[in-house]
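The values are calculated or read from the model by the stated rules, or taken from the named source; none is laboratory data. None of the values given here were measured: they were computed from a predicted structure. Cβ coordinates were reconstructed from backbone atoms using ideal geometry, including for glycine residues, and neighbour counts include every protein chain displayed. SASA here: full protein model, heavy atoms, side chains in, ligands and nucleic acids out. Shrake-Rupley method; radii C 1.70, N 1.55, O 1.52, S 1.80 Å.
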Amino acid sequence: MPATNASSSAGTPFVHLRLHTEYSLEDGLIRINQLLDRVVELGMPAVAMTDWHNLFALVKFYRAAVARGIKPIVGADIRVQEADRRDKTGVVTLLVQDRTGYLNLCRLLSRSFLEGRERGGQPRVLAPWLRGHSDGLIVLLGRASSVGEALVNGRANLADQRLQD
């Protein structure tokens with residue numbers, strides 16, 4: 001995390017909504033206790049843990065955050081594959097809003113490992129799986145998502161279609 005003050009120029013506290021911990025299977029290095037100590041030091045009221053395709057750190061993260069007076073936000077970064085793009089996946093961050101969202105995220109993550117791996121590769125969620133399993137989830141789409149990619153390339157109609165799908 002940057003060594004800057006956690007507050008923005010408008011006085012609103014900054015909150016990280018996408019962080020990978022040591023429990024992320026691909027690229028996480030942040031140890032939960034060190035992360036939360038730094039969050040407290042910077043005066044952040046909350047922080048999100050979004051490891052790649054898993055919730056392995058959920059209990060440890062949640063308990064440690066609450067013990068420090070930090071609001072824990074739980075989620076996961078997932079790779080979503082559009083039906084018409086078998087060769088490419090987009091990155092989507094899913095944040096849990098409530099119990100329904102938690103259960104939906106668990107279903108999607110489990111399915112990504114059981115059915116979404118091609119030739120033993122990385123887990124991925126097929127876009128149609130999100131239908132009926134998005135209640136209680138907050139979706140963050142960035143440049144690495146299929147929607148973001150379409151917007152960056154000036155294809156607003158395609159971005160809208162992908163968002164609706």
### Task
Search region 114-128 for residues being surrounded by 15 or more Cβ atoms within 10 Å (Cβ to Cβ) and more than 20 Å from SER24 (Cα to Cα), and hand back the single one that is modelled with the lowest pLDDT.
ALA127
### Query
Can ARG143 be described as under 12 Å from GLY90 (Cβ atoms) and either of a type in the set (Gly, Ala, Ser) or modelled with pLDDT under 90 (or both)?
yes
### Query
Of the residues that sit in region 58-90 and are more than 20 Å from HIS133 (Cβ to Cβ), under 18 Å from the mean Cα position of the chain (by Cα) and without any contact (Cβ under 8 Å) to a residue 40 or more places away in the chain, which one is surrounded by the fewest Cβ atoms within 10 Å (Cβ to Cβ)?
VAL59
### Message
Restricting to region 91-111, and then to whatever is open to solvent by less than 70 Å² (accessible area, probe 1.4 Å) and in contact with a Phe, Trp or Tyr (Cβ under 7 Å, 6 or more places away or on another chain), can you tell me which residue is nearest to GLU26 (Cα to Cα)?
### Response
LEU108
### Query
Within the set of pairs 6+ apart or on separate chains, which have a first residue in region 36-57 that is farther than 21 Å from ILE78 by Cβ, a second that is in a helix (DSSP H, G or I), and C-beta atoms under 6 Å apart?
LEU36/ALA64; LEU36/ALA65
#### Entry: From the options GLY69, GLY121, GLY90, GLY116, residue that is on the phi > 0 side of the Ramachandran plot and either touching a helix residue (DSSP H, G or I) at 6+ places or on another chain (Cβ under 9 Å) or part of a loop (DSSP other than H, G, I, E, B) (or both)
GLY69
### Message
Taking the condition of being more than 19 Å from the chain's Cα centre (by Cα) and exposed (fewer than 15 other Cβ atoms within 10 Å of the Cβ), how many residues in region 129-165 meet it?
### Response
10
### Query
Within region 20-57, how many residues are assigned to a helix (DSSP H, G or I) and either in contact with an Asp or Glu (Cβ under 6 Å, 6 or more places away or on another chain) or open to solvent by less than 30 Å² (accessible area, probe 1.4 Å) (or both)?
4
